[in-house]
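Just dropping this structure here.
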Amino acid sequence: MKRNLIFTVLVLLAGTVVAQSAFTLPKYEKYRLKNGLTVYLMEQHEVPVIYLNMVFRAGAVLDGERAGLASFTAEALKYGTENYTKSEIEETVDFLGSEFYTGAVKEYAYAYTYFNKRQQADILKVFGEVVRAPSFDSEEFEKGKKRKLARMKQAKESPRGVIDAYWDKFIYGTHPYGNTAYGDQTGVQSLTVEDLRAFYAAHFSPQDAAIAVVGDFKTADMKKRLDQMFKDWKGSKAKTRNAVAPINLEFDRSRVLLVNKNDSRETRFYIGGKGVPRDHPDYVGIQVINTILGGRFTSWLNAELRINSGLSYGARSRFSTHRLTGSFNIASFTKTATTVEAIDLALKVLARLHNEGPDEKTLSSAKNYIKGGFPTDYETSGELAALLTDFFIFGFDEDYIDSFQKKVDALDRKAAQEIIRKYFPKENLQFVLVGKGEEIREQIRKYGEITEKQITAPGY
Amino acid sequence: MKRFWIVFCLIWTVAQAQTSPEDVKEFTLANGMQLLVVEDHSIPNANMYLFWRVGSRNEAPGITGLSHFFEHMMFNGAEKYGPKEFDVVMEAAGGSNNAYTSEDVTVYTDWFPASSLEVIFDLEADRIGHLAIDDQMVESERGVVLSERSTGLENSNYNKLNAQVKSAAMFAHPYSWPVIGYESDIKAWTKADLQNYFDVYYAPNNCTVIVVGDVETDAVLRLAQQYFEPIPAHDPPQPVRTVEPPQQGERRVVVYKEVSSPNLEIAYHVPNARHPDYYALELLSSILSTGNSSRLQKALIFEQSLATQLYTFAPISLDPNLFEVFLIAAPGVAAADLEAAFYVELDRIKTDGVTEKELQKVKNQKLMEFYRDVETINGKANNLGRYEVFFGDFRELFQAPERFEKVTAADIKRVANTYFSPKNRTVGTLIPEPKP
């Protein structure tokens, strides 16, 4: 129903920045505990709520041969501790009206909660035990494993929920960035509770973790509480920061992954290639250009595939960034019969970006747009807490926020052309299509060498 | 989001968050358009939410989905700003927008740097006062909406099953059809249908406008008088006359799709949002499904391993609607077994009621939901609008805490017995087609 939901989401993901009136990051304090744990504290008093986001360098890039290991380990933190069973943790959290999530994405594991400030003692006690002293109850593990396997299978019934996993695997191959955060059926099937215990012991340590607390508290008081919670936490000694090998993501030919789904009524597709790492010095400029190409409702892609042709409900483009590299893709969907028409149109738009580039008016509009929406991306304490832990994981800081407007303003047409040339893929494009193979297989050969998978097969 | 907005009010009184009833300034323009303004200077941004009292309940067979289609057409050109220009102008001013259509309302949302306030008034006034329905835009927009409908069915089992369950449960009332409409109607409605819809439903007296953010109330009022007030009023739309007759017995539907395990929906007729039982039903929904410790999650997912995911929804709607329970079976579990296990849990509540601790838990959850809703300027605008439309007066929100507090464990048990009977339910299953 929402007219252009994908754009709202995109803007949030892209972390567009600063507005007309000066918008700078609210004051915060950063320090380290004696055991090496990095702490960020930011007071925000609009509502009596506190958000707490903790990250560990224990993401799916460390899965190795066992897809899903990092994610399962992080989720199983809540399966019980010395003093609480899984149910007791859940009852405590639910009763206070809080939520408490643990999990892992590619580059880090996380534990996230928010709570009413009047109940902070209860929640912090549970939170501290869960991250410092999980028991990895084996009965809960077996039940959890069954649920995970079932959900992975069910997830394939919604192509939009799994196309990212196919894309990353196709683009990054066997490099750890190709690992799907939540693993795959084969990997999860092979896991034992001992694997989770070993992974936790090896990778959860204060020197490779950070905690951000944002909300309605007094800094001095919160410092005492955190010190109490974590001072005895030793964790593992291993340093995992450089565990991922550098990667140079280059493609010497066009390739197509066709994911066959027999009952498809539409084709969902990604087209793209190499992107940039999160802390790239040109990241802001890249976001401005991407706004023009596929980052807003009037973007060239959405204008062509939706507004002018009615081929799709929406089309967009984005840069997905990691610590060491990233990828770029154009994404859309259309009914099976117009698959080639829509893809050709998307390719034409990308070519136009390279051949013509934006005129002055379009560039200026994109700059206003990206600045105008920025403050709302960092409006809530939860968003601010996530930003602070991103600083830790990806190695940037508040300069990104505070200099954003300046960087956007500084982008002229010449710089824009340079950014397009350097960072937007043009040749040897990579394609992932989820759709009805028998109706589109022959027509899409023209895009490159085809690999075909069945969506119902395990893995991505 | 829909099911949480009541909480909003609860908290305003209980917690005395920064926004209070006195912070909401209300005006009625000469043409009947209602305007609510809240100043919030926490970020240099503002928004405008326009709640139109029109949704799929105002449609009839032949024009199902027209409200939603109209939502799209409102972006496709008017007198001053032609096709595509609404978005072009707004985005160049640093703004962005969205819109949604439900069974009851169509809501347009504009977000922008506060300095662009006048641009937004200009754009909205142009399309509200002088929409131009362009033939070519109608045709290309049909394609967009067919794609939207199709991608919903492709990607969401819930969409697919719920459409059939609603249609079976709603014998007579327009809630029978999906908001997106039937494919045949999307392809067939005419420009005259659209023009008529615009004249009747997009009159200023059928709209509540909410502005929240880094603005001055006086300035907002002045702009509203300048841009919106000259737009003429229209006779109010005809009320929706049809009342759904009481259900006479259980209804069952089966839908085939290639799924790895059955999906199940069980729906019960319940009253509209203004009925006193609304509050108890809302709390009952939370008791059933919010959090891993909730009745259904604990029993069906974590203890008995019969389901992998489940949701319940208490409706907030203008007319009596359906309380929905949606369950996804674990692999190898038959739909009938999951259904039976759900009834066991429901019967426990109907027979033994809920504990005081459970009741307190869901009241605590509502409080936190409220805080999170009012933390942003968009949460404030959207919740004020919903309150005004669904409960009849935004001030009603300040009465709600009392009504929520009054809900007792006995009330929960009573509503469970009143509405959750076999006779009053419709059961849908989504399963693979049996092989011949």
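Just the residues that are within 15 Å of B:VAL427 (Cα to Cα) and surrounded by 18 or more Cβ atoms within 10 Å (Cβ to Cβ), please, taken from the range B:254-269.
Within the range B:254-269, B:VAL255, B:PRO262, B:ASN263, B:LEU264, B:GLU265, B:ILE266, B:ALA267, B:TYR268, B:HIS269 meet the criteria.
I need the full set of residues from the range A:111-137 which are hydroxyl-bearing (Ser, Thr, Tyr) and either farther than 22 Å from A:ASP227 by Cβ or in contact with a Gly (Cβ under 6 Å, 6 or more places away or on another chain) (or both), in order please.
Within the range A:111-137, A:SER135 is the sole residue that qualifies.
A:SER364 is checked against (1) polar (S, T, N, Q); (2) more than 14 Å from chain B (Cβ to nearest Cβ); (3) assigned to a helix (DSSP H, G or I) and fails just one. What number does that condition carry?
Every listed condition holds for A:SER364 apart from (2).
Take the residues of the range B:229-251 that are surrounded by 15 or more Cβ atoms within 10 Å (Cβ to Cβ) and under 26 Å from the mean Cα position of the chain (by Cα): which is farthest from B:PHE420 (Cα to Cα)?
B:HIS234
Might you let me know whether the range B:262-273 holds any residue that is under 21 Å from the mean Cα position of the chain (by Cα) and under 30 Å from A:GLN185 (Cβ atoms)?
yes
While we're looking at this one, here's another question. Find the residue count for the range B:171-190, including only residues that are free of Cβ contacts under 8 Å to residues at least 60 places away in the same chain and not in a helix (DSSP H, G or I).
Adding up the residues that qualify gives 1.
Starting from the range A:160-179, keep only residues that are within 22 Å of A:GLY435 (Cα to Cα), then list their pairs with residues that are part of a helix (DSSP H, G or I) and at pLDDT below 95 whose Cβ atoms are within a distance under 7 Å, requiring at least 6 positions of separation or different chains.
Note: pairs meeting the criteria are A:ARG160/B:ASN155; A:GLY161/A:ALA155; A:VAL162/A:ALA155.
So which of A:LEU353, A:LEU388 is in contact (Cβ under 8 Å) with a residue 40 or more places away in the chain and over 30 Å from A:VAL244 (Cβ atoms)? First the steps, then the outcome.
Working: A:LEU388 fails: over 30 Å from A:VAL244 (Cβ atoms).
The conditions single out A:LEU353.
Okay, moving on. Taking the residues in the range B:358-414 that are β-branched (Val, Ile, Thr), under 27 Å from B:ASN292 (Cα atoms) and more than 8 Å from chain A (Cβ to nearest Cβ) as candidates, determine which candidate is surrounded by the fewest Cβ atoms within 10 Å (Cβ to Cβ).
Result: B:THR408.
Continuing with this model, one more query. Residue under question is A:ARG421, and the condition is that it be exposed (fewer than 15 other Cβ atoms within 10 Å of the Cβ), in contact with a Pro (Cβ under 9 Å, 6 or more places away or on another chain), touching a residue at least 40 places away in the same chain (Cβ under 8 Å) and at negative phi; does it hold?
So A:ARG421 fails the test.
Among the residues of the range A:374-408, which ones are surrounded by 22 or more Cβ atoms within 10 Å (Cβ to Cβ) and among the small types (Gly, Ala, Ser)?
A:SER381, A:ALA385
Quick check on my filter: what residues within the range B:128-141 are under 18 Å from A:LEU305 (Cβ atoms), of a type in the set (D, E, K, R) and either without any contact (Cβ under 8 Å) to a residue 60 or more places away in the chain or more than 8 Å from chain A (Cβ to nearest Cβ) (or both)?
Selection gives B:GLU139 alone.
I'd like to check which helices (runs of 4 or more DSSP H) are fully inside the range B:79-170 and have at least 2 residues that are under 30 Å from A:PRO375 (Cβ atoms) and either hydrophobic (A, V, I, L, M, F, W, C) or out of contact with any Ser or Thr (no Cβ under 9 Å at 6 or more places or on another chain) (or both).
So the answer is B:85-92, B:117-130.
Collect the residues in the range B:312-335 that are within 14 Å of chain A (Cβ to nearest Cβ), surrounded by fewer than 24 Cβ atoms within 10 Å (Cβ to Cβ) and within 27 Å of B:GLN247 (Cα to Cα), keeping them in residue-number order.
Answer for the range B:312-335, where residues must be within 14 Å of chain A (Cβ to nearest Cβ), surrounded by fewer than 24 Cβ atoms within 10 Å (Cβ to Cβ) and within 27 Å of B:GLN247 (Cα to Cα): just B:PHE326.
One residue is enough: does the range B:94-111 have a residue meeting the conditions touching a Gly at 6+ places or on another chain (Cβ under 8 Å), within 9 Å of another protein chain (Cβ to nearest Cβ), on the phi > 0 side of the Ramachandran plot and buried (at least 23 other Cβ atoms within 10 Å of the Cβ)?
yes
Output the residues belonging to the range A:52-83 that are under 22 Å from A:THR389 (Cα atoms), among the polar types (S, T, N, Q) and not in a helix (DSSP H, G or I).
Scanning the range A:52-83 gives a single hit, A:ASN53.
Just the residues that are under 18 Å from B:ARG142 (Cα atoms), in a loop (DSSP other than H, G, I, E, B) and touching a residue at least 40 places away in the same chain (Cβ under 8 Å), please, taken from the range A:280-328.
A:PHE297, A:GLY314
Testing A:TYR84 on (1) under 28 Å from A:ILE393 (Cα atoms); (2) modelled with pLDDT of 95 or more, one condition comes back false. Which one is that?
Among (1) under 28 Å from A:ILE393 (Cα atoms); (2) modelled with pLDDT of 95 or more, the lone unmet condition for A:TYR84 is (1).
Restricting the search to the range A:24-42, which residues are within 14 Å of another protein chain (Cβ to nearest Cβ) and touching a strand residue (DSSP E or B) at 6+ places or on another chain (Cβ under 9 Å)?
A:LEU25, A:PRO26 - these are the residues of the range A:24-42 that are within 14 Å of another protein chain (Cβ to nearest Cβ) and touching a strand residue (DSSP E or B) at 6+ places or on another chain (Cβ under 9 Å).
Looking only at strands (runs of 3 or more DSSP E) that fall completely inside the range B:18-66, which ones have 3 or more residues that are among the aromatic types (Phe, Trp, Tyr)?
Correct list: B:45-52.
Which one of these is modelled with pLDDT under 95, part of a loop (DSSP other than H, G, I, E, B) and not aromatic (Phe, Trp, Tyr): B:SER293, B:SER260?
B:SER260
Oh, and also: Check A:GLY59 against each of (1) within 14 Å of another protein chain (Cβ to nearest Cβ); (2) closer than 30 Å to A:GLY459 by Cβ and name the one condition it does not meet.
Condition (1) is where A:GLY59 drops out.
Here's something else I'd like to know. Just name the residue that is surrounded by the most Cβ atoms within 10 Å (Cβ to Cβ) out of those in the range A:330-371 that are within 18 Å of A:ALA303 (Cβ to Cβ) and polar (S, T, N, Q).
Here the residue is A:THR334.
For B:ASP193, all conditions in the list (1) touching an Asp or Glu at 6+ places or on another chain (Cβ under 9 Å); (2) in contact (Cβ under 8 Å) with a residue 60 or more places away in the chain; (3) under 18 Å from B:HIS68 (Cα atoms) hold save one; what is the number of the exception?
(1)
Exactly one of (1) within 14 Å of chain B (Cβ to nearest Cβ); (2) crowded, with 22+ Cβ neighbours inside 10 Å is unmet by A:ARG318. Its number?
With respect to (1) within 14 Å of chain B (Cβ to nearest Cβ); (2) crowded, with 22+ Cβ neighbours inside 10 Å, A:ARG318 is out only on (1).
What is the residue count in the range B:96-129 for residues that are within 25 Å of B:GLU39 (Cβ to Cβ) and hydroxyl-bearing (Ser, Thr, Tyr)?
5
All but one of (1) within 14 Å of chain B (Cβ to nearest Cβ); (2) buried (at least 21 other Cβ atoms within 10 Å of the Cβ) hold for A:GLN454; which doesn't?
(2)
Okay, moving on. Specify which of the listed residues (A:ASP279, A:ASP232, A:ASP216) is among the acidic types (Asp, Glu), over 18 Å from A:PHE170 (Cα atoms), touching a His at 6+ places or on another chain (Cβ under 7 Å) and surrounded by fewer than 20 Cβ atoms within 10 Å (Cβ to Cβ).
Details: A:ASP279 fails: touching a His at 6+ places or on another chain (Cβ under 7 Å); A:ASP232 fails: touching a His at 6+ places or on another chain (Cβ under 7 Å).
Only one candidate passes the filter, namely A:ASP216.
Report whether or not A:ALA331 is more than 27 Å from the chain's Cα centre (by Cα) and either within 13 Å of chain B (Cβ to nearest Cβ) or part of a helix (DSSP H, G or I) (or both).
no
The values are calculated or read from the model by the stated rules, or taken from the named source; none is laboratory data. Bear in mind the structure is a predicted one, so any value in this text is a computation, not a measurement. For neighbour counting, all protein chains shown are included, and Cβ atoms are generated from backbone atoms with ideal geometry for every residue, glycine included.
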